[in-house]
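The values are calculated or read from the model by the stated rules, or taken from the named source; none is laboratory data. What you are looking at is a predicted structure, and each value in this text was computed from that prediction instead of being measured. Here the Cβ positions follow ideal geometry from the backbone for every residue, glycine too, while neighbour counts run over all protein chains shown. The protein model used for the area step is the full one, side chains on, heavy atoms only, and it has no ligands, DNA or RNA in it. Shrake-Rupley method; radii C 1.70, N 1.55, O 1.52, S 1.80 Å.
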Amino acid sequence: MLSFLYARQSGLDDPVRLRRAESTRRVLSLELNHNRDVDRIHGNGINTLDIEVIDGRYMLSGGSDGVIVIYDLENNSKKPQYTCKAICTVGRSSRHVHKFSVETVQWYPHDTGMFVSSSFDKTMKVWDTETLKPAEEFQFDGNVYCHHMSPIARKHSLVAVGTKDPKVQLCDLKSGSRIHILQGHRGEILSVRWSPRYEHILATASTDSRVRVWDVRRASGSLFTLDQHNGDKSKASSEAVNTAHNGRVNGLCFTADGLHLLTTGTDDRMRLWNSATGENTLVNYGKVMNESRKGLKFTISKGCSPEFVFVPCGSSVAVYGLHSGKLITMLRGHYNNVDCCEFHPDYQELYSGGKDCNILAWVPVLRRPDIENKETNSRVTQGSGTQTAISPAFEDAWSSDED
């Protein structure tokens, strides 16, 4: 730590290197925090979590019971042991509640006054946080598996929506209408993600084993389709040409810089792609157990070096090195399958939700104080009194002891 501080002070290192090193250390030391509980409100499994990026204080959750909860993550009591309280709930008693399972919740990227939810009741609702009433409601012909708003868009206010229909729907929050569809997939759309680098680039994943990348400004088809064999047709059967996985693709996540895209499939594989060229980087993560019939909500760290991937894996959360593919650790604490996890980049914390109706907080272990040389810290007993030994580095070299 001292070497990092000295290098930063003297200008030898990039100023963010210390922050990245400490963020990495914190992620590597994540463990279940028994002093922090999250109110248990859901009566069924928890499908989705989202932490707002404005203050990093409020978290949304959506469950199989149709209930939506807003939690305050801040420790207002300032005590070591505390509970993250549920401050607002759209419960079963509300006439605005979703009738069936809530699959995705997301804060509006630029303001905590609004959030969006989508459900198996074939609707997507835009909520006013103050009143907990829908300001807008979009109806679809089939179950809604996912939706996503761009975290950086300034020139559009589009929400990409994936449903049972193979067409990707684009809804405009300003006009309150569905303005466009993207055609190309042949199966249900299980995951959609906007690029955090370019506001007009969208990635979509489907049960047809394909991942398509779109430029929504273009009227024609997708920019390209991800190919696990990088165009080498000799390695693929006729059915596997231009497929990202050998099963349903049910998870998508861009890295924070938008340069790479990570996908998961029911073939128990996870793949990392160059988002600009669509090239498979061939990072080998080994077998990544994936039995989800719906979208898999995994997440990638932010601000670390290297970055890490957190993937629900049975009743645990698997942590992988993003570019190495190495399995770092398994976070165990849930009693049933984990369905979602969300990384908090401000504090390098992780929250996970599962079918056991619990939300668990995984928090970095505090750094232990640097241990000085025992001789310099020991107290030397002389006669009836005690004298503290002083390190030579702090001795006064100019005056005598007699002075």
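Being open to solvent by 60 Å² or more (accessible area, probe 1.4 Å), modelled with pLDDT of 90 or more, under 27 Å from H148 (Cβ atoms) and touching a Pro at 6+ places or on another chain (Cβ under 8 Å): is that true of V53 here? Yes: the conditions hold for V53. In the set (1) outside any strand (DSSP E or B); (2) modelled with pLDDT of 95 or more, the condition left unmet by R367 is number (2).
Would you say L296 is farther than 26 Å from S101 by Cα and either free of Cβ contacts under 8 Å to residues at least 60 places away in the same chain or in contact with a Ser or Thr (Cβ under 8 Å, 6 or more places away or on another chain) (or both)?
Working: farther than 26 Å from S101 by Cα: no; either free of Cβ contacts under 8 Å to residues at least 60 places away in the same chain or in contact with a Ser or Thr (Cβ under 8 Å, 6 or more places away or on another chain) (or both): yes.
Judged against the criteria, L296 is not a match.
The requirement of being at pLDDT 95 or above, within 25 Å of the chain's Cα centre (by Cα), more than 21 Å from N280 (Cβ to Cβ) and open to solvent by 10 Å² or more (accessible area, probe 1.4 Å) is fulfilled nowhere in region 190-197; no residue meets it. Figure legend. Inter-residue proximity from region 257-280: first residues more than 24 Å from I152 (Cβ to Cβ), second residues basic (K, R) and buried (at least 20 other Cβ atoms within 10 Å of the Cβ), beta-carbon distance below 9 Å, spacing 6+ or different chains. Indicated pairs: G265/R248; G265/R271; T266/R248; D267/R248; N280/R271.
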